[in-house]
Amino acid sequence: MTMQYPSLAEAEARDAADPLHSWRDRFVLPDGLVYLDGNSLGALPRHTAETMRDATERQWGEGLIRSWNDADWIGAPRRVGDKIAQLIRAASGEVIVCDSVTVNLYKLMMAILAARPGQGRTILTESGNFPTDLHVAAGVAAQHGLVLDAAPREAIMERIGPETALIVLTHVHYKTGERFDMASIQALADAQGVPLIWDLSHSIGAVPLDMGADAARFAVGCGYKYLNGGPGAPGFLYVAAEALEFLGSPIQGWMGHAAPFAMTDAYAPAPGIERFLAGTPPMLSLLALEAGVDLMLEADGDLLWAKSQALFDFLAQQMAARCPQLVPITPVRADLRGSHASFAHPSAWPINRALIDAGVIGDFRSPDVLRLGLTPLYLGFADLWHAVDRLAAILEDGRWQRSEYSAPTRVT
Ligand SMILES: *Cc1c(COP(=O)(O)O)cnc(C)c1O
């Protein structure tokens, strides 16, 4: 008995009816390739290449150092931060773009703990959280004489209590795609008076976010995933205005100074979110990120999330019918997940390698997960149809068992 699944013609009909379909032309994507890894490195927006030409040839080449003012390089971390604030429904002046997610997480954790000395004994996070989040939390805990409490997802809520000094949670899990209910966990943390930092790396540009409505006060997030900011794009840091005045960056750099160009010996923090800047911003990367953020701002967020859900359902139906050996591990309910779909298989690693050779780029996550990113701006239903068709062929002819796919040549 074969299960019903949509035909290629049906997939193409859905693409033709998709109000976001034409957005694909605004990205550079190789012909014939199905890119399902935009949740790890977003695709290149066409106009980013132009932005970069202007940033290099005109702003840097001709403007030289004058461009710090003439092209407002100096204002870029805050300018792009204000744009990201719109995407997460924060206010202007609550988001700054700088450093990596890792460094921003460190700065924010240290700043919050320094502002609340002696309160609580543990740093609570999820076991199996993204490694950098766990590593930073462990390091910060050691520096403050606290205990790292990495609890399973189901136990997080009950672990929040008077012993908790700080909570760090990744909103959408990088591997399984599970999503925490931000509003209810934030409310619980607030009821106990415990600060909570959200890592939005797999959420921003993927799922609806509303810092104001959910009363979230602290967050960090990634620029090179769904924001299509380019490899190594800087991350961002969000602090609600009400909390900002109590916090100081543990890295007292000159760019976070109230008057960087007064060149004074004594440090005085900038009055606003700029205080979380450390050193000179990576201007070319920042301008590439701005191009990606501009594109995301232009797109209709409701349409994006609706399409993400439609893509997920389409993929789930195809996979169940054609690749039942791969076990879906991402929640089916849309409000409980992000915008990627993960499947478990003991041989996920070689299957993923064979899939890449067949022109479908997803990714493998240790130990047994095949992760497929669903980016509604540049992915269509026919793309997914072809991806599953190629995956089904790989499973059927067993080519993933060939020796060329057997030994990991890299661990990613
Ligand atoms: C991608 C990701 C990061 C990336 O951190 P970098 O410092 O930018 O390398 C951090 N945390 C989570 C949850 C991520 O998904």
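Just a few scattered comments:
- Selection count where residues are farther than 18 Å from MET52 by Cβ and buried (at least 17 other Cβ atoms within 10 Å of the Cβ), scope the stretch 273-298: 6
- Looking across the stretch 1-36 at every residue that is open to solvent by 60 Å² or more (accessible area, probe 1.4 Å), assigned to a helix (DSSP H, G or I) and acidic (Asp, Glu), the one that is nearest to GLY229 (Cα to Cα) is identified as ASP25.
Okay, residues lined up against (1) buried (at least 20 other Cβ atoms within 10 Å of the Cβ); (2) within 19 Å of GLU242 (Cα to Cα):
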{"position": "HIS144", "(1), (2)": "no, no"}
{"position": "LEU148", "(1), (2)": "no, no"}
{"position": "GLU154", "(1), (2)": "no, no"}
{"position": "LEU169", "(1), (2)": "yes, no"}
{"position": "HIS173", "(1), (2)": "yes, no"}
{"position": "ARG179", "(1), (2)": "yes, no"}
{"position": "LEU200", "(1), (2)": "yes, no"}
{"position": "ALA216", "(1), (2)": "yes, yes"}
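- Residue that is more than 12 Å from the ligand (Cβ to nearest atom) and β-branched (Val, Ile, Thr), where the choices are VAL207, VAL220: VAL207
- Per-region count, the stretch 103-123, residues within 16 Å of the ligand (Cβ to nearest atom) and closer than 16 Å to LEU196 by Cα: 8
- Qualifying residue in the stretch 125-146 (condition: free of Cβ contacts under 8 Å to residues at least 40 places away in the same chain, among the β-branched types (Val, Ile, Thr) and within 11 Å of the ligand (Cβ to nearest atom)): yes
- 2 or more residues surrounded by 22 or more Cβ atoms within 10 Å (Cβ to Cβ): qualifying helices (runs of 4 or more DSSP H) within the stretch 37-142: 76-87, 101-115
- Filter result for ARG365 (farther than 30 Å from ARG26 by Cβ, touching a residue at least 40 places away in the same chain (Cβ under 8 Å) and open to solvent by 20 Å² or more (accessible area, probe 1.4 Å)): no
- Lone qualifier among LEU237, LEU277 - being touching a residue at least 40 places away in the same chain (Cβ under 8 Å) and away from the ligand (no atom under 14 Å from the Cβ): LEU277
The values are calculated or read from the model by the stated rules, or taken from the named source; none is laboratory data. Worth saying up front: this structure is predicted, and the values here are computed from it rather than measured. We place every Cβ from the backbone using ideal geometry, glycine too, and count neighbours over all the protein chains shown. Remember, those area values only see protein heavy atoms, side chains included, never the ligands or the DNA or RNA. Shrake-Rupley method; radii C 1.70, N 1.55, O 1.52, S 1.80 Å.
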